[in-house]
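Just below is one structure, and these are the notes that go with it.
The values are calculated or read from the model by the stated rules, or taken from the named source; none is laboratory data. All values reported here derive from a predicted model rather than from experimental measurement. We place every Cβ from the backbone using ideal geometry, glycine too, and count neighbours over all the protein chains shown.
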Amino acid sequence: MGAPRLGVAFVAAALVAWSPGPAAAQFQAEDEVSPQLWVDYNPSWQVGPRVDVFGDVSARTEFGSQGWWRFVVRPSVRYQFDRVQLSGGIGNFFTLNDVIADRWEIRPWQGVRSSWPRGTVSFEHLVRLEERFDLNLRTWNSSSSLRVRYRLRPSIDWGRESETRYWRALGSIEIFYTLAGDPGQFQEEVRLTASVERSYRPELRVRLDATWQKEGRVLSEGSINDLILRFRVFSSW
């Protein structure tokens, strides 16, 4: 074999060796970006010296190829100790899909929250256990799973005009891990968020979140990169 043919054979062999296998190529081809918009209202009521009833009502939508609307109603309660806060509730997630059957996820949850250390920059820790029951509204088949999630959120205030009027910058990293079962339509894995919040008075705050979230796919291999813009209103009585 002459030198030119030997060189061509060598290059061809190298390309085959370095090219991804079928599984890797499929994974790369099926990764996608999912732009989303979430709008939340988050009320709370103090019903005792250490007890609050709270929750959120929200609408969420996806503008990518999967196309869905999701409506959330999540009543909850929390008890404040000196340094630790215990909370729990039940979430209802109604998802109207363009591609697959509509879903209703019922999600009881329990959580522990604490802030440490405290200073110019405060660090909030949240651990939450969730029981997930996912219903297919076309066939009424269901799946269930148990999930734990942990969130670390530093925050810093600036431009403080008074004790109740200020700007706040927040960042967070949240990790999700399914302990058992089938997680259903939404399979969050990790979430990174940058936020800016404005407090107008003790009972009213608004916040804007920009989030990147990695999520496992339901219908095929690969993962989804969610890009979420979230507008939140907090009110208390």
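Selection of segment 85-115 for residues being in a loop (DSSP other than H, G, I, E, B) and either surrounded by 13 or more Cβ atoms within 10 Å (Cβ to Cβ) or at pLDDT 95 or above (or both) yields 100, 101, 102.
Cβ-Cβ contacts under 7 Å between residues 6 or more apart (or on different chains), taken from a first residue in segment 31-55 that is without any contact (Cβ under 8 Å) to a residue 24 or more places away in the chain to a second residue that is β-branched (Val, Ile, Thr) and part of a strand (DSSP E or B), are listed as 47/53. Scanning segment 116-135 for residues that are exposed (fewer than 15 other Cβ atoms within 10 Å of the Cβ) and of a type outside the set (Phe, Trp, Tyr) yields 117, 118, 119, 120, 121, 125, 127. Does segment 160-183 contain at least one residue that is of a type in the set (Lys, Arg) and more than 26 Å from residue 234 (Cα to Cα)? Within segment 160-183, none of the residues are of a type in the set (Lys, Arg) and more than 26 Å from residue 234 (Cα to Cα).
Out of all the residues in segment 147-156, is one or more closer than 19 Å to residue 40 by Cβ, within 17 Å of the chain's Cα centre (by Cα) and β-branched (Val, Ile, Thr)? Scanning segment 147-156 turns up no residue that is closer than 19 Å to residue 40 by Cβ, within 17 Å of the chain's Cα centre (by Cα) and β-branched (Val, Ile, Thr). For segment 42-76, the set of residues classified as in a strand (DSSP E or B), more than 24 Å from residue 134 (Cβ to Cβ) and of a type outside the set (S, T, N, Q) consists of 43, 45, 51, 52, 53, 54, listed by residue number.
Cβ-Cβ distances below 7 Å connect the following pairs, each with a first residue in segment 142-170 that is touching a residue at least 40 places away in the same chain (Cβ under 8 Å) and assigned to a strand (DSSP E or B), a second residue that is surrounded by fewer than 14 Cβ atoms within 10 Å (Cβ to Cβ) and of a type in the set (Asp, Glu), and a separation of six or more residues or different chains: 143/182.
Candidates 138, 147: the one that is surrounded by fewer than 13 Cβ atoms within 10 Å (Cβ to Cβ), of a type in the set (D, E, K, R) and within 23 Å of residue 94 (Cα to Cα) is 138. Among the conditions (1) within 19 Å of residue 74 (Cα to Cα); (2) part of a strand (DSSP E or B), residue 185 misses just one, which is (2).
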